[in-house]
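Contents: one structure, followed by commentary.
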Amino acid sequence: MDQLTSSTVFWLTTAVAFLLINTVILRALQKRKSSPAAAAAAAPPPVVQGVGLVRFVRAMARDGPLEAIREQQAKLGSVFTASAPLGLFKVTFLIGSEVSSHFYVAPDSEISMGRLYEFTVPIFGPGVLYGVDLETRKEQIRFNWDILKPRSLKASVGAMAEEVENYFSRWGDQGTVDLKHELEQVLMLTASRCLLGKELRESVPGKLCELFGELDNGLHLISGLLPYLPIPAHRRRDRARQRLGEIITEVIRLRRNSSRGAAGTDENNDDMLQCLINSRYKDGCAMTDAEIAGLVVALMFAGKHTSSGVSIWTGVHLLSNPNHLAAVVAEQDRLMASCPGRTDDYHRLDYDTVQEMRSLHCCVKEALRLHPPVAAVRQAYKHFTVQTKEGKEYTIPGGHMVVSTILVNHYLPHIYKDPHVFDPQKFAPGREEDKVAGRFSFLSFSAGRHACAGESFSYTQIKVLWSYLLSNFEIKMVSPFPETEWSTVIPEPKGKVMVSYRRRTAPK
Ligand code: HEM
C-alpha cells in the first residue's frame, strides 16, 4: 500500500509522515498554550500508547478503521488519544456528535487543517487554497460556493444529462462491463463539462482523464512529507499539472478576448468557468488566469474520487437490494412518464425533476452514510474541552492532531437503527434519523466552517447518472458483493464491479 490517499492519511494517521512534519510546531504550540487555565481544565483524554498503539495501528491495516477505532472506543470511551514515543505525535479521536462541535465550528485560529493539506500545493498550484494565506483562501472558497450554488446547478443539469446520454449511447443492447470504470469515466466527463465549459470538453477529448490520472498517480505516502521530492511520479504529476494549467488558461484567454460572459451578453453567464472569471476579491481585483486554473483543478480533484466512490457504492447496494431497486426504478418511471426520459432526449432533464428523485436521493445518502469518502483531520492550536454523551469532560491540549471519526459516527446504534444495514428509509420522511439525532450526525460532507461546497453538485451529478442508467437499462451485479478497498484515494469497492445490462424497451 504505497499510494498516499485521503483515507490513508486518516486511517494510518498514527504512523504517517504528516505528523512528523508537524512535530516541531506542535511541541512549540504545546509549550506556548499550556497556560495555568489549561492546566486547571478537565483531564486529558485516556491514551493508547506503547504496545497498545502498535496493536491499534495493526488493527487499522488488518480490519479497517471502523473495527479498529470501535475496539479502542470500547476500552477507552468516545474520546481518546493515540500517543507515539518521545512525543512524536499525539492524535485525539472524537467519536459522536456530542464531542464534535468545536472540531467543526471553532475558528481556524483555534483548530484548522493547518499544514496538513500542503501536499495539495503542487497539485492545485501555489496561488490557491493551501498555497495562500488564510484570508485569501477564504475568499477563494467563497468563489467556489458561488459557482456551485443552485442557480449554477440549474444550468448544469442539462449539460450533465447530455454527457451521460452521449456516454451510455455507446453501450449496446446488452453486455457486461466494469461498473467502476464506466462510472469514473462518465463522472469525469460530466464534471469537466460543467466546470470547464463545452468548448474545452470538445477540443480535448480524453486528455483530461489522462492528466487527472497522472495527478492521482503522483500521490504517494512520501508526498505527504516531501511533496517536491524529485521522484518520477512527482515529475509526471508536475508535467500533467503544467499541461492542465496550459489547457485551462488557453480557454480563459479565449473567453477574455471575446465578449462571452460579459454582463448581459450571452448565456455563458451561467457557465461555472465564466463565473470564476467574473469573480472579484474584496479589493475589487479579479483572479489571475493561474489562480482560476488552480481552483478549477482543485474542484475537479475534490469531486473526482468522492463522487465516483459514492456512485459506485450506491449502485452496488441498489443492485444487491431488489426491494430498494424496485422502488427507485418505479420512481424513475413515474418521473420520466411526465418529462423527458427513457428516450433520446434525456438531455432535456431539468433541475426540478432531479429534486423530485427522493427515493434515489435517500439511496445515495445511505451509501454516503455507510461509506463516507473523506476523513476529517485537524490540528488544534488551542486546548478545548468536550463533554461525552456519558457526561465525562476532557480537555484536548493545543498541539494535538484531532480526528473526527465520521465513519464510526455513522454506525452509532443510538442514531441509526440497524447501522450496518443498507436502508435508505433511514432518511425518508417520518424517520430522518440524522435530523432526529441533531447536528453532526451525518458528516459525509463535513459540517460547519469547512463544509463541502460541492454537496448539491455531487448529489445532482450522481442522481442524473443513476436516473439515466435505471431508466434505460436493466442492470444486474455479476461480481459478488465487494469488500472495501481501504488503500485507495477513497475507500471504494475492492476490485472490478462487473455488471450485466440489457437495454429496456420504451414503455407502451
Ligand atoms: C460525494 C462527493 C463529495 C464528498 C463526500 C465530499 C466531502 C467533503 C468533505 C468531508 C469536505 C471537508 C473536509 C474536511 O473537513 O477536512 C469537503 C470539502 C470541500 N469540498 Fe467536497 N466532497 C464531495 C464532492 C465535492 C465536489 C464535487 C466538489 C466541487 C465541485 C467539492 C468541493 C469541496 C470544497 C471546495 C471543499 C473545501 C471547503 C472548505 O475548505 O471550506 N466537493 N468535501
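FYI, it's all coordinate maths here, none of it is from the lab. If you're wondering where the values come from, they're calculated on a predicted model, not measured in any experiment. Cβ coordinates were reconstructed from backbone atoms using ideal geometry, including for glycine residues, and neighbour counts include every protein chain displayed.
How many percent of DSSP beta bridges within the chain run antiparallel, rounded to 5?
Taking every DSSP beta bridge with both residues in the chain, the antiparallel ones total about 85 percent.
At R0 = 35 Å, how high is the FRET efficiency between Lys392 and Ser320 if r is their beta carbon distance? Nearest 0.05 is fine.
Computed FRET efficiency for Lys392 and Ser320: 0.30.
Compute the long axis of helix 207-217 from its Cα atoms, compare it with the longest principal axis of the Cα atoms of the chain, and write down the angle in degrees, 0 to 90, nearest 10.
On a 0 to 90 degree scale, this one is about 20.
Using only Cα positions of the chain, each an equal point scatterer, no hydration layer, compute I(q)/I(0) via Debye at q = 0.12 Å⁻¹ and quote the log10 values to two decimals.
-1.17
I'd like to know how region 273-388 sits against the 2.2 N^0.38 Å rule of thumb: what's its Cα Rg over that expected value?
1.53
Pairs to check: Lys180/Lys476; Lys75/Lys389; Lys365/Lys476; Lys282/Lys304. Give those whose C-alpha atoms are more than 24 Å from each other in this structure.
Checking Cα-Cα distances, Lys282/Lys304 exceed 24 Å.
About its Cα centre, what dipole magnitude does the chain give when the only charges are +1 on Lys and Arg Cβ and -1 on Asp and Glu Cβ, stated in debye to the nearest 20?
Roughly 1040 debye, rounded to the nearest 20.
Under a cut-off of 18 Å between alpha-carbon atoms, report the lysines in cross-link reach of Lys382, not counting same-chain residues fewer than 8 places apart.
Lys31, Lys33, Lys90
Assigning unit charges at the beta carbon (Lys, Arg +1; Asp, Glu -1) and nothing else, what dipole magnitude in debye, to the nearest 20, does region 72-184 show about its Cα centre?
Dipole magnitude for region 72-184 comes out near 400 debye.
With +1 on the Cβ of every Lys and Arg and -1 on the Cβ of every Asp and Glu, and nothing else charged, how large is the dipole of region 352-414 about its Cα centre, in debye rounded to the nearest 20?
That gives a dipole near 220 debye.
Using the charge dipole of the chain (Lys, Arg: +1 at Cβ; Asp, Glu: -1 at Cβ; taken about the Cα centre), state which of Val329, Met188, Trp486 has its Cα farthest towards the positive end.
The residue sitting most towards the positive pole is Trp486.
Once you put a point 7 Å from the Cα of Lys149 and another 7 Å from the Cα of Lys496, both along the Cβ direction, what distance in nm separates them?
4.6
Between Ala43 and Leu88, 0.36 nm times their residue separation minus their Cα-Cα distance comes to what?
Working it through step by step, the gained length comes to 14.1 nm.
Under a crude label model (7 Å from the Cα following the beta-carbon direction), how far is Asp350 from Phe481 in nanometres?
4.0
When the Debye formula is applied to the Cα atoms of region 100-155, each taken as the same point scatterer, what base-10 log of I(q)/I(0) results at q = 0.13, 0.14, 0.19, 0.22 Å⁻¹?
The Debye formula, applied to the Cα set alone, gives -0.44, -0.50, -0.82, -0.95.
Would you mind getting me the FRET efficiency between Tyr411 and Glu246? Use the beta-carbon distance for r and R0 = 60 Å, nearest 0.05.
Here the calculated transfer efficiency is 0.85.
Name the residue farthest towards the positive end of the dipole of the chain from the options Gln355, Val297, Ala451, assuming +1 on Cβ of Lys and Arg, -1 on Cβ of Asp and Glu, about the Cα centre.
The one lying farthest along the dipole's positive direction is Ala451.
Against the longest principal axis of the chain, how steep is helix 179-196, in degrees 0 to 90 to the nearest 10, with axes from Cα atoms?
So the helix axis and the longest Cα principal axis differ by about 80 degrees.
Residue separation times 0.36 nm, minus the C-alpha to C-alpha distance between Arg236 and Lys138: what's the value?
32.3 nm
Could you give the length gained by full extension between Arg115 and Gln174, i.e. 0.36 nm per residue of separation minus their alpha carbon distance, to one decimal place?
Net length gain for the segment: 16.3 nm.
So how tilted is helix 232-257 from the main axis of the chain? Cα-based, degrees 0 to 90, rounded to 10.
Orientation of helix 232-257: about 50 degrees from the principal axis.
Just name one of Ala233, Leu276, His102: the one whose Cα is farthest towards the positive end of the charge dipole of the chain (beta-carbon charges, Lys/Arg +1, Asp/Glu -1).
My answer, from the dipole projection, is His102.
If you plug each phi of region 126-136 into the Karplus form 6.51 cos²θ - 1.76 cosθ + 1.60 with θ = phi - 60°, what whole-Hz ³J(HN,Hα) values come out, in order, with x for Gly and Pro?
Per residue, the Karplus-derived 3J(HN,Hα) values read x, x, 9, 6, 7, x, 10, 5, 4, 5, 5 Hz.
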